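Input: a single structure, listed below in structure tokens.
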Amino acid sequence: KQWYQRRVRVSLVGGLCSGTICTLLFQPLDFIKTQLQLRPTESMTGICKKVLSQENRATIIRNLWIGLNPSLAKTVPGVACYFVSLSQVKRLYGGEVSGLTAVLLGAVARIITAAVVQPFSLIKTRYESGRFGYRSIAGAVMSVTSEDRIRGLYRGFLPTLFRDAPFSGIYLAAYMGIKQNLFSQRQDTIQATAVSGSVAGLVAATVTHPADVVKTRIQVEGSSGNVVRDLYQREGISVFWAGFVPRTLRRTLVSATAWLVYEEIKKAAERQKYPIYS
């Protein structure tokens, strides 16, 4: 029991650190992705030019990092929850984790995490859209719940599950597979972790991108009914790949960075017996 508690503490601290670092570094890519998904006729270059054309440097930074607070509120506990959930489901499973088992365990961990952070996800997306004028997270929560009660905070939850569960399952299977096959003799190196995380993130982000577009449209525009059919009829098949480049780039970088930070903290705790592991 004591060993398990130590392992959970390491997972929690590693997840918190990696989540914070990734959010601070890559928030601008998330903002650009949301803008492209809501305005698919514009280009990534065009949106960047609009933001960078501001004369005030502080305004440029504020625009690129808009939604940082809800992103931190979502990502930091989200990453921690994911790593802890993954650690627990692995322990409950008890056997060797590979192939389909890795996909299923990763999906279960992500479903748990999605349910916890969904309200922050909705608020983050609305912040990035620039259409709501929220001044604080608390104010955003009050605004949403006053219109649609608690269920309003879970708008877009179904496409979120269709995005997150496959993403984590595919990612975990690819990550472990690449590490075991390409780096069989040096799985604990920084290179192995970074390369495996980057490639796995690219694969998983590509497969799940259409669900991310649907999620964004529902959360911002309040779409209902058969959203997939309506989007296809109005804007064509290309709409489901709007924002693909910034999201894929962000997910690839986040995947590599998050696992690199997480695993380095785990190794440091095990070697040095830091307080988080004692």
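The values are calculated or read from the model by the stated rules, or taken from the named source; none is laboratory data. Note that the coordinates shown come from a computational prediction; the quantities given were computed from them, not determined experimentally. For neighbour counting, all protein chains shown are included, and Cβ atoms are generated from backbone atoms with ideal geometry for every residue, glycine included. Protein only, heavy atoms only, side chains kept; ligands, DNA and RNA dropped before computing areas. Shrake-Rupley method; radii C 1.70, N 1.55, O 1.52, S 1.80 Å.
Tabulated data for the structure shown
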item	result
Pairwise label distance in nanometres, Val228 with Leu100, each label 7 Å out on the Cα-Cβ vector	2.3
Protection-proxy order for peptides 51-62, 151-162, 121-132, each taking the mean of Cβ atoms within 10 Å per residue, highest first	121-132, 151-162, 51-62
With every protein chain in place, the chain: carbon and sulfur % of accessible area (1.4 Å)	60
Answer label, with Cα Rg over 2.2 N^0.38 Å calculated from the coordinates and candidates (1) 1.18; (2) 1.10; (3) 1.03	(3)
Residue (of Gly106, Gly133, Val117) at the positive-pole extreme of segment 88-136, dipole from beta-carbon charges	Gly133
Residue-averaged [θ]222 nm for the chain, counting only DSSP H segments that reach four residues, each worth -39500 (n - 2.57)	-27500 deg cm²/dmol
Using θ = phi - 60° and Karplus 6.51 cos²θ - 1.76 cosθ + 1.60, couplings along segment 223-240 (whole Hz; Gly, Pro as x)	4, 9, x, 7, 5, 4, 5, 5, 5, 5, 5, 7, 10, x, 5, 5, 4, 6
Total charge dipole magnitude, the chain, about the Cα centre, Cβ charges on Lys, Arg, Asp, Glu only, Debye to nearest 20	480
Rounded accessible area per residue of segment 111-259, 1.4 Å, Å²	46
Within straight-line cross-link reach of Lys124, aspartates and glutamates at Cα separation under 20 Å, skipping those fewer than 8 residues along the same chain	Asp30, Glu147, Asp148, Asp164, Asp212, Glu221
Accessible-area ranking of Ile150, Ile66, largest first, probe 1.4 Å	Ile150, Ile66
15 Å tail of the calculated P(r), segment 183-262, as % of Cα pairs	62
